[in-house]
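Report on the following structure.
Throughout, read-outs are computed from the coordinates displayed, never taken from laboratory work. Here the structure is a predicted model, which is why all the values come from computation and not from measurement. Neighbour counts are summed over all protein chains in view; Cβ atoms, including those assigned to glycine, are modelled from backbone coordinates with ideal geometry.
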Amino acid sequence: MMAGKSQKTPGFEAAMAELEQIVADMEAGKLSLEHSLAAYQRGAELLAFCRTRLEDAQQQVRVLEEGVLKDFAAGGETGAN
């Protein structure tokens with residue numbers, strides 16, 4: 001259950017699932033102090049990974065929207081009057 005530093009970071013969905021499990025375990029009081037600290041560290045790593053992935057996805061959406069909006073606006077202007 002606990003992850004070591006050598007563990008690869010999973011994809012976004014798997015990282016979120018692992019993070020949710022860590023939170024649930026910590027909230028339930030299932031972990032010793034040492035395991036809680038390790039879980040907190042792993043959770044911080046997963047959180048940073050997920051934030052980065054979300055920021056990347058948001059940037060990709062912005063780029064796609066800009067391209068679509070430019071194409072749409074250009075198409076609308078050429079067809080008008």
Taking θ as phi - 60°, what are the ³J(HN,Hα) couplings along the range 31-42 by the Karplus curve (6.51, -1.76, 1.60), each to the nearest whole Hz, with x for Gly and Pro? 10, 6, 4, 4, 5, 5, 5, 5, 5, 4, 4, 4
For the GLN58, ALA17 Cβ pair and Förster radius 22 Å, calculated FRET efficiency rounded to 0.05 is 0.55
